[in-house]
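The values are calculated or read from the model by the stated rules, or taken from the named source; none is laboratory data. Values in this document were obtained by computation on a predicted structure and should not be read as measured data. Backbone-built Cβ (ideal geometry, glycine too); neighbour counts: all protein chains shown.
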Amino acid sequence: MLKDLIYVIPKTMQSEDSLKELLTSHPEIKFVSLVGIDLSGNDTDEKIPIKIFLKDISGFLKGSIQTDGSSVVLPGIATLNNAKVDMVCDCDVNWYIDYNTNNIDPETDKPVGTLRIPCFFYHEHKAVDSRYVLKNCIQHFKTNLLNLFKEYPNSLSSFGLKYEDIDDVVATCATELEFWVNTPNNPAEIEELSTSQTLQEQYWTRTKGAVRTALEQTLSTMELYGLEPEMGHKEVGGIKSNIDDKGRFNHIMEQLEIDWKYSTAVQSVDNELLVKSIVKETFRNNGLEVTFLAKPIDGVAGSGEHTHIGMALKLKSGKMINLFSSTKNHFLSIFGYASVMGILKNYEVINPFVSSTTDSLRRLKPGFEAPVCIVTSIGHTVEIPSRNRTVLIGVVRDLENPLGTRFELRAPNPRTNTYLAVTGLYMAMLDGITYAITGSKTEDDLLAELSKKPGEDASYLEKDRAYRSEEDVFEDFTDEERAKFFGTAPATVYENLTAIDKYPEKKAVLTKDDVLNDKLINSFKLGAIKRWLVELNHRILNEYIDEIRGYKLLHSVDKALDLDVATWMKIDALKCYLMKDSYSNKSLFSKIRIASEEKNYEEVSNLQIEVEEKMSELRELYSIYKKNLLDI
């Protein structure tokens with residue numbers, strides 16, 4: 001049955017006549033949904049009967065569909081008194097059919113399908129969505145790069161090319177998806193998860209039971225959509241599941257990763273959205289829950305979504321040239337070095353788009369193979385590619401395949417708005433390339449500047465910083481050294497967002513030629529701050545309250561030692577300090593709520609940092625207290 005379905009409508013088949021013929025011959029496709037991405041990365045979904053689409057297909061393809069802007073995150077743009085947003089179809093990417101296997105059409109005996117059409121949001125005749133920002137960025141990147149080639153023809157000399165040889169600039173991208181899967185209502189002990197992670201008991205081990213079935217089905221479904229999955233495997237997090245009296249696995253808590261083939265920038269991020277949907281539905285059909293939270297369990301490895309960036313030239317001869325690969329005895333080409341330098345120099349203003357939630361910043365802590373420093377690794381020698389997993393951005397090189405040279409940004413997570421994150425990366429890369437080409441920099445010049453020590457003068461990079469390390473950033477540097485050499489990672493969402501205004505010269509790199517303008521950036525910030533405050537006050541603090549109430553006195557007076565009593569007194573004092581008010585004092589939780597109501601965001605940020613520190617202290621104390629009791 002599944003092989004008779006269609007899954008992809010490429011742009012070559014998106015004419016009115018082709019769509020009418022295709023959709024009429026597949027009556028199981030009963031709905032159309034226009035998929036726009038707001039500035040928080042949320043995708044829209046609605047059910048428009050296919051007969052309405054076919055009746056006014058020209059209006060859908062060449063016109064726009066109106067929606068209420070209050071239903072998407074565009075604060076400061078689509079306001080209550082000016083909320084109309086137009087949705088315009090994107091006919092330059094693949095369209096996908098999403099099938100509901102739980103709803104079988106009685107006439108065709110096939111699952112009911114919804115044609116999902118990527119679109120753009122327009123407000124007052126201007127595009128205001130994440131997809132358009134990325135599409136506009138890539139066009140801007142190509143145009144400016146071609147202009148540089150034309151104005152500085154020597155920049156192509158190392159490749160033996162002339163400007164006239166170029167047919168197109170190809171910006172490529174790929175993402176990896178990590179996620180946690182568990183059986184509902186079967187909680188696992190955090191200490192057990194942490195121990196298993198430290199012992200690496202789960203990494204690359206066999207999947208079993210429902211998890212194996214769901215993973216295999218996911219990869220097979222991805223094949224149907226032409227996504228070309230490359231691998232699915234267990235990640236570092238997880239514990240061994242149990243078997244019930246019927247021979248079924250339960251108490252599942254595992255971390256998985258799925259990889260698939262790269263594509264052009266916008267198409268790649270659209271594909272990521274599709275893969276998430278496939279994963280959620282497939283695992284749900286197997287009785288499993290999936291979370292894409294960056295740090296769903298404190299003290300255990302979070303989930304990343306490493307983002308790979310590439311850049312190539314398509315020649316009129318049909319040949320592809322990787323612009324990052326060096327034609328000399330070097331790690332990278334001029335364009336490769338300059339791109340890495342552009343990202344590192346401007347990362348403070350890219351980071352807010354990469355890590356815009358509390359759990360995304362919780363993931364970026366030392367000890368969990370997640371980056372905390374603005375630093376790269378390119379390898380000890382040209383002959384041996386780097387495998388340093390402690391840096392922010394790594395250089396991926398295959399000596400046997402120069403076309404495979406690319407960068408891997410390790411900071412994104414499954415809830416990153418990848419459209420905006422990739423926009424920031426390409427704008428920063430263009431800034432670095434412009435510096436290198438207009439300044440006639442050689443590979444040696446750029447490698448020397450990228451490898452500079454703190455305090456050394458540089459033409460582009462900052463004097464007091466280092467940007468390259470081939471050492472383990474976590475083990476071979478103290479906290480003070482990391483902060484001095486590579487900067488300090490933001491601790492809260494607000495602290496991260498303030499970097500946009502703190503570094504106006506770096507913000508100008510993003511807003512060049514209106515790719516990301518002040519209105520869009522402000523809207524993104526307003527949405528991120530609102531989400532941060534709502535999540536903090538109504539989810540995180542409430543979860544902490546439940547956790548604190550669970551820390552109960554366990555010892556009996558006749559069996560307790562003075563150590564038990566003293567430890568419990570510390571625990572009880574911490575509990576009160578965190579959440580219990582008195583006539584004379586407000587708890588930390590109450591102070592956060594008050595500061596939030598007063599819109600004192602800096603105070604909220606400082607208080608959140610203190611709350612996280614006190615909660616960690618409380619957990620550690622209670623673990624010590626509990627382990628010292630003979631009877632519980």
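As a summary of the residue check, residue 142 satisfies the conditions (1) in contact with an Asp or Glu (Cβ under 8 Å, 6 or more places away or on another chain); (2) not in a helix (DSSP H, G or I) except for the one numbered (2). Is it the case, given these coordinates, that residue 25 is modelled with pLDDT of 90 or more and either more than 22 Å from residue 109 (Cα to Cα) or in contact with a Leu (Cβ under 8 Å, 6 or more places away or on another chain) (or both)? Answer is no for this residue.
Comparison of 299, 304 shows that the only residue that is at pLDDT below 95, at positive phi and assigned by TED's automatic domain parsing to the domain that holds residue 364 is 299.
Would you say residue 149 is part of a strand (DSSP E or B), more than 19 Å from residue 275 (Cα to Cα) and of a type in the set (A, V, I, L, M, F, W, C)? Steps first, answer last, please.
Details: part of a strand (DSSP E or B): no; more than 19 Å from residue 275 (Cα to Cα): yes; of a type in the set (A, V, I, L, M, F, W, C): yes.
No, not satisfied.
Residues in the stretch 144-159 that are closer than 19 Å to residue 318 by Cβ and free of Cβ contacts under 8 Å to residues at least 40 places away in the same chain were compared, and the one that is surrounded by the fewest Cβ atoms within 10 Å (Cβ to Cβ) is 146.
Go through 518, 513 for me and flag whichever is exposed (fewer than 13 other Cβ atoms within 10 Å of the Cβ) and touching a residue at least 40 places away in the same chain (Cβ under 8 Å).
Working: 518 fails: touching a residue at least 40 places away in the same chain (Cβ under 8 Å).
Matching residue, one of 518, 513: 513.
Criterion first (modelled with pLDDT of 95 or more, more than 26 Å from the chain's Cα centre (by Cα), in a helix (DSSP H, G or I) and more than 27 Å from residue 420 (Cβ to Cβ)) does residue 164 satisfy it? So residue 164 passes the test. When residue 584 is tested against (1) more than 24 Å from residue 628 (Cβ to Cβ); (2) part of a helix (DSSP H, G or I), only condition (2) is not met. For residue 408, only one of the following conditions fails: (1) in a helix (DSSP H, G or I); (2) of a type outside the set (A, V, I, L, M, F, W, C); (3) touching a residue at least 60 places away in the same chain (Cβ under 8 Å). What is its number? Here residue 408 meets the rest and fails (1). Quick check on residue 398: is it assigned to a loop (DSSP other than H, G, I, E, B) and within 30 Å of residue 273 (Cβ to Cβ)? Yes: the conditions hold for residue 398.
Candidates in the stretch 476-497 are the residues that are assigned to a loop (DSSP other than H, G, I, E, B) and in contact (Cβ under 8 Å) with a residue 12 or more places away in the chain; of these, the one that is farthest from the chain's Cα centre (by Cα) is 487.
Checked against (1) more than 22 Å from residue 351 (Cα to Cα); (2) touching a residue at least 12 places away in the same chain (Cβ under 8 Å); (3) in contact with a helix residue (DSSP H, G or I) (Cβ under 7 Å, 6 or more places away or on another chain); (4) of a type in the set (Gly, Ala, Ser), residue 528 meets all criteria but (1). Among the conditions (1) under 25 Å from residue 145 (Cα atoms); (2) modelled with pLDDT of 95 or more; (3) surrounded by 14 or more Cβ atoms within 10 Å (Cβ to Cβ), the only one that residue 468 does not satisfy is (1). Exactly one residue out of 101, 67, 108 is surrounded by fewer than 21 Cβ atoms within 10 Å (Cβ to Cβ), in a loop (DSSP other than H, G, I, E, B) and on the phi < 0 side of the Ramachandran plot, and it is 108.
If you go through the stretch 588-632 and pick out every residue that is of a type in the set (Asp, Glu), in contact with a Lys or Arg (Cβ under 9 Å, 6 or more places away or on another chain) and not in a helix (DSSP H, G or I), you end up with 1. Sub-6 Å Cβ pairs linking a first residue in the stretch 533-548 that is closer than 16 Å to residue 603 by Cα to a second residue that is surrounded by 15 or more Cβ atoms within 10 Å (Cβ to Cβ) and polar (S, T, N, Q), at least 6 apart or interchain, are 533/596; 537/596, ordered by first then second residue. Evaluation of residue 257 against the conditions (1) of a type in the set (D, E, K, R); (2) in contact with a His (Cβ under 9 Å, 6 or more places away or on another chain); (3) modelled with pLDDT under 90 shows that the sole unmet condition is (3). Scanning the stretch 433-464 for residues being free of Cβ contacts under 8 Å to residues at least 40 places away in the same chain and either buried (at least 20 other Cβ atoms within 10 Å of the Cβ) or under 27 Å from the mean Cα position of the chain (by Cα) (or both) gives a total of 0.
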